[in-house]
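Worksheet for the structure shown next.
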Amino acid sequence: GDVSSYKSDQTLVSFLGRINYAFANRYNATLSFRRDGSSKFGANNKWANFPSASVAWKISEEDFLKGNKYINDLKLRAGFGITGNQQGLGPLNSVRLVGPAGTTFFGGAVIPNYAITQNANPDLRWETRQMFNVGLDFAILNNRLSGTIEYFNGDTKDLLFGYGVPTPPFPYNSILANVGTINNQGIELSLNYKAYTSRDWDVVLA
């Protein structure tokens, strides 16, 4: 019978730094920087940088709204960030691989054949998503009605995708590469209403 075995290793390394700033319980800012390295990607692009930033203004803490009996909470916020994706990749998707391809008879003996089963791509890199959002959080009527209105716009770039290639010049008929961009944008609205409140439990409609 045939005997076979398989082993693969993968490594992910991350470094993260973050700075938070708050002033007078009204103004908040966050800056972060992340650097990730993955063994799954090509030799030229194993590392990538992912920065992000966000700011928030708690308007309800300003003097002109403080103590307002109708508006209990009001906060305006905005953020931008870049994230990376390596899901769906195998540990060796960026290098050339070979596998068994039958046998041949040569010199009076049966010799196993091997053929290329995967093209190399040293430029295979992180799929990235750039997201911008701005939102307004609010609570009124003694915090019984609360919600969020938010606009978002996101671009996913360098999509990881396998597609067919000619042979030759490629030794194998498909390759995994970074191709294409997707844009997602829209407006989200969420509302919560406390229909009933007691000392022991609340009934919330969302």
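The values are calculated or read from the model by the stated rules, or taken from the named source; none is laboratory data. What you are looking at is a predicted structure, and each value in this text was computed from that prediction instead of being measured. With ideal geometry, Cβ positions are generated from the backbone for all residues, glycine too; neighbour counts draw on all protein chains shown. To get the accessible areas, we keep the full protein, side chains included, count just its heavy atoms, and leave off ligands, DNA and RNA. Shrake-Rupley method; radii C 1.70, N 1.55, O 1.52, S 1.80 Å.
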Go through region 121-133 and give me each residue that's aromatic (Phe, Trp, Tyr) and either open to solvent by less than 40 Å² (accessible area, probe 1.4 Å) or touching a Ser or Thr at 6+ places or on another chain (Cβ under 6 Å) (or both).
Trp126
With the structure loaded, tell me whether Leu65 is without any contact (Cβ under 8 Å) to a residue 60 or more places away in the chain and surrounded by 14 or more Cβ atoms within 10 Å (Cβ to Cβ) or whether it fails that test.
yes
Which residue pairs have Cβ atoms closer than 8 Å, lie 6 or more positions apart in sequence or on different chains, and pair a first residue in region 114-125 that is closer than 16 Å to Val165 by Cα with a second residue that is hydroxyl-bearing (Ser, Thr, Tyr) and open to solvent by 60 Å² or more (accessible area, probe 1.4 Å)?
Ile116/Tyr172; Thr117/Tyr172; Gln118/Tyr172; Asn119/Tyr172
Here the qualifying pairs (Cβ atoms under 6 Å; residues six or more apart or on different chains; first in region 168-191 and open to solvent by 50 Å² or more (accessible area, probe 1.4 Å); second among the acidic types (Asp, Glu)) come out as Asn183/Asp155; Glu188/Glu150
Tell me, yes or no, whether region 79-95 has at least one residue that is open to solvent by 70 Å² or more (accessible area, probe 1.4 Å), part of a strand (DSSP E or B) and either more than 21 Å from Asp158 (Cα to Cα) or of a type in the set (A, V, I, L, M) (or both).
no
Filter pass, Phe33 being touching a Pro at 6+ places or on another chain (Cβ under 6 Å) and either open to solvent by 40 Å² or more (accessible area, probe 1.4 Å) or of a type in the set (Phe, Trp, Tyr) (or both)
yes
Is it the case that some residue within region 143-150 is modelled with pLDDT of 95 or more, assigned to a strand (DSSP E or B) and touching a Lys or Arg at 6+ places or on another chain (Cβ under 7 Å)?
no
Hits in region 134-163 - residues which are without any contact (Cβ under 8 Å) to a residue 24 or more places away in the chain and open to solvent by 60 Å² or more (accessible area, probe 1.4 Å)
Phe161, Tyr163
Every pair of residues 6+ apart whose Cβ atoms lie under 8 Å, when the first sits in region 85-109 and is under 24 Å from Gln130 (Cβ atoms) while the second is outside any strand (DSSP E or B) and among the aromatic types (Phe, Trp, Tyr)
Asn85/Trp126; Gln86/Phe41; Gln86/Trp126; Leu89/Phe41; Ser94/Phe41
